[in-house]
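The values are calculated or read from the model by the stated rules, or taken from the named source; none is laboratory data. Keep in mind it's a predicted model, so treat the numbers as computed, not measured. Cβ placement follows ideal geometry from the backbone for every residue including glycine, while neighbour counts extend to all protein chains displayed. Protein only, heavy atoms only, side chains kept; ligands, DNA and RNA dropped before computing areas. Shrake-Rupley method; radii C 1.70, N 1.55, O 1.52, S 1.80 Å.
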Amino acid sequence: MSVNNKHLREACHLLLRQQFICPATHPTLFSELRGDEFAQAVCAVLTPLGYQLSWVGDDDSPEVYFCGLTSLQDAGERKYTEAALVAMRDQISACIRFFQLLDQAGNQQIAVVNGGELPASRLLTEIESSPPYRDQLRDLQGLAMFSDSRKAKDNSERLNYVLRAMEQQGYLVRRSSESSVWVFTGKLAYLQRIMGWLADHHSLTVQQTASTESGSYQESML
Amino acid sequence: MKAEDWLKLGRALQNNADLLQELTLAEDNWLPMPDNPNRDLAWLISKGLIDTEDDELHISGLLIDLGAQISLQGFERAAPDLEEALIAVQQLSDGYLESKRDGADDDADRYRRRLSHTLRQIILHLRDDYLATRGFIEGNMGYAVSPAERLRDIQGAIERIKRLHLKLTLFSYDALRQITRGDRELIRMLTGLHSSSLHEAIVQRRQDFTSLLARLDNLSVSVRKRNRFRQLYQALDSFMMAGNALDVPAMLSDIENTALFVAPPLMLGGMLPPPEQAGEAVSDFEQLMCALPEPKASALEGSNDAADSPASLVPLKKPNQHPLSLPFAHAHLQAMIKTMKESGLPQSAARYWAEHGDQTIEPRHWMYALSGYYLRIARERGGKHKMECLLVPRLREHLALDGMRNVIDLLVTPNTQRRRGRYAHA
């Protein structure tokens, strides 16, 4: 099977523009990237530039592909990376607030995982029916990432601003252009990976109450 | 159960007796929802005695049992246990074949009907199981809130389906084939290729169960992932709430993380040639730069000014330094109005110009300017203020048919009209 040149070009362009390729955003390219031949062709483009094809997830079932660095020798790249990490850190607490709202208002039924669905209309109904959730949603506007939601006149608009901010950062994408159902992208897995490293670095104890079987999964995640 | 419940059941059955008969006779077909369903039917549906899917009705296994119990002789309720069900099928088939061989058509028919009911019970039982599991998945897995309970529920559902799946292997094509012993009627009912035969139904269910298993597996993975993520961000959150800062720059020192760092975006731009040809290309580039025209001095000054003056966010609006200039006709018109008020007589613009005006300007130009000025102030006042005077044109003699009108003079006359302002006919 030969490599599809159109897909190759598309994939390289996306990767070099810092896009994350996951099944929710680019299903075709993602499945192509899982093929060895295609992945090698992409690597052949990225390697001379000093980049590599990175992924998050198990080696045999990656969740998301992106363009990673091979070294931090270059001062410019190092500086850029540091700035990017700091920006990501600033997003972490905003994201956590948002996820907590989803947990509580969504009755823990919204899957905050790569590929998980977020039915906005149902979430809105839950939020509007309960004052604490409304407050929680309103409190989000105090965070820099969701500051746009100040402009909103009602809860529906406010939620929309929040979801759009998440979309802008690449964590969410609409399932289809007119759907009110959003899907978490692979960048969430990336965020999770970064957060996992930070938790390890600060030697935080992450409670393990779910099940004894989650151990093997955790090993694969970290 | 209270007496009222039984009464209600009896009434519901009574009011829908015809429909129930149709449903029992419908064999494997679904019946459409009647045009005007009564309340009792809705009650039966809500209690699960009649199944509905996409506005189609199907009788439940329970009601079939009940119906068979009261109408068929020697009928035993098929146990949900599939092994026993298989034995029952075997016995009924044997009975049917024997009576047929003996020529007892009535008996054979009875056995056939009982067999048919038993088969339907098995099929319905499997279908109910499938629907219950699907409902469990699509209804967000029961009411369990904690992830541990949810995982347990999922595991339970998986186990149940696995058991069912295993039992379905009893109903293999070969086993059923043996039961039929080549009888045409039994082949039709047990191993036929149409969808209502037992074998086809079981093949269908087996596929359904396989897909359900895959879905349940995915579900449990996603619940676990999500649970793990929740614990992770809760740990980070409490860490940050305690006033600690996340030490992100430390990530840079961990060499294993390098692949995790997203590469900076590549800027599209002019590509410099590779180093081996650089000398030549650079001199070419220098020549090209020299050949460019000098930048304009004014542009330079402008940029210097901009750099010197402090940047202001609000653009300064420079005041208009030019003095207001009155139209040249203004003074003349005022003078004419003054004379007109003193004398009380209309003033001729042509005569005024001959006496006071600049002789290098022709009277017709002057009149043109005067009427233009008059029209302008009339427009500026917007018809809201009364004009001080009127301009009445004097026309050269002309025929009524002649389209040409030649103004030879304008008379400034007092405005005596009551209407506010009036545009001049100039």
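Observations on the model:
- Residue check for residue B:218: open to solvent by less than 60 Å² (accessible area, probe 1.4 Å), within 14 Å of chain A (Cβ to nearest Cβ) and either assigned to a helix (DSSP H, G or I) or among the acidic types (Asp, Glu) (or both): no
- Some residue of region B:288-296 being at pLDDT 70 or above, of a type outside the set (Asp, Glu) and in contact with a Leu (Cβ under 8 Å, 6 or more places away or on another chain): no
- Residue within region B:370-384 that is open to solvent by 100 Å² or more (accessible area, probe 1.4 Å), at pLDDT 75 or above and of a type in the set (S, T, N, Q) present: no
- Region B:161-176 residues that are at negative phi, paired with ones that are acidic (Asp, Glu) and surrounded by 12 or more Cβ atoms within 10 Å (Cβ to Cβ) (beta carbon under 7 Å, 6 or more apart): B:164/B:129
- Of all residues in region B:165-191 being among the β-branched types (Val, Ile, Thr) and more than 52 Å from the chain's Cα centre (by Cα), the one that is farthest from residue B:81 (Cα to Cα): B:180
- In this structure, residue B:127 qualifies as open to solvent by less than 60 Å² (accessible area, probe 1.4 Å), at pLDDT 80 or above and among the basic types (Lys, Arg).
- Condition met for residue B:177 (out of contact with any Asp or Glu (no Cβ under 7 Å at 6 or more places or on another chain), surrounded by fewer than 16 Cβ atoms within 10 Å (Cβ to Cβ) and farther than 29 Å from residue B:53 by Cβ): yes
The rows are residues; the columns are (1) in contact with a Phe, Trp or Tyr (Cβ under 6 Å, 6 or more places away or on another chain); (2) open to solvent by less than 10 Å² (accessible area, probe 1.4 Å).
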residue: A:93; (1), (2): no, no
residue: A:119; (1), (2): no, no
residue: A:123; (1), (2): no, yes
residue: A:127; (1), (2): yes, yes
residue: A:141; (1), (2): no, no
residue: A:144; (1), (2): no, no
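- Close pairs from region B:41-62: first open to solvent by less than 60 Å² (accessible area, probe 1.4 Å), partner among the acidic types (Asp, Glu), Cβ under 6 Å, at least 6 apart: B:58/B:51; B:60/B:51
- Top-ranked residue in region A:72-90 [being under 15 Å from the mean Cα position of the chain (by Cα) and either in a strand (DSSP E or B) or buried (at least 18 other Cβ atoms within 10 Å of the Cβ) (or both); ranked as farthest from the other protein chains (Cβ to nearest Cβ)]: A:88
- Residue satisfying all of: in region A:13-52; of a type in the set (A, V, I, L, M, F, W, C) and facing chain B (nearest Cβ under 9 Å); most open to solvent (accessible area, probe 1.4 Å) among these: A:49
- Among the numbered conditions (1) more than 10 Å from chain B (Cβ to nearest Cβ); (2) modelled with pLDDT of 85 or more; (3) not in a helix (DSSP H, G or I), the only one that residue A:67 does not meet is (1).
- Complete set of residues in region A:98-130 that are among the hydroxyl-bearing types (Ser, Thr, Tyr) and either within 9 Å of chain B (Cβ to nearest Cβ) or within 14 Å of residue A:160 (Cβ to Cβ) (or both): A:121
- Residue A:37, sole failed condition from (1) assigned to a helix (DSSP H, G or I); (2) touching a Gly at 6+ places or on another chain (Cβ under 8 Å): (2)
- Residue satisfying all of: in region B:197-215; in contact (Cβ under 8 Å) with a residue 24 or more places away in the chain and open to solvent by 40 Å² or more (accessible area, probe 1.4 Å); farthest from the chain's Cα centre (by Cα) among these: B:206
- Meets criteria (out of contact with any strand residue (DSSP E or B) (no Cβ under 8 Å at 6 or more places or on another chain) and either among the aliphatic types (A, V, I, L, M) or more than 19 Å from residue A:72 (Cα to Cα) (or both)) for residue B:244: yes
- Test: residue in region A:177-187 that is at pLDDT 85 or above, touching a helix residue (DSSP H, G or I) at 6+ places or on another chain (Cβ under 8 Å), assigned to a strand (DSSP E or B) and more than 14 Å from chain B (Cβ to nearest Cβ): yes
- Enumeration of residues in region B:223-264 that are more than 7 Å from chain A (Cβ to nearest Cβ), under 38 Å from the mean Cα position of the chain (by Cα) and open to solvent by 20 Å² or more (accessible area, probe 1.4 Å): B:234, B:238, B:241
- Scanning region B:392-408 for residues that are without any contact (Cβ under 8 Å) to a residue 40 or more places away in the chain and surrounded by 16 or more Cβ atoms within 10 Å (Cβ to Cβ) turns up just one, B:393.
- Residue within region A:174-183 that is free of Cβ contacts under 8 Å to residues at least 12 places away in the same chain, open to solvent by 20 Å² or more (accessible area, probe 1.4 Å), over 25 Å from residue A:65 (Cα atoms) and more than 20 Å from the chain's Cα centre (by Cα) present: yes
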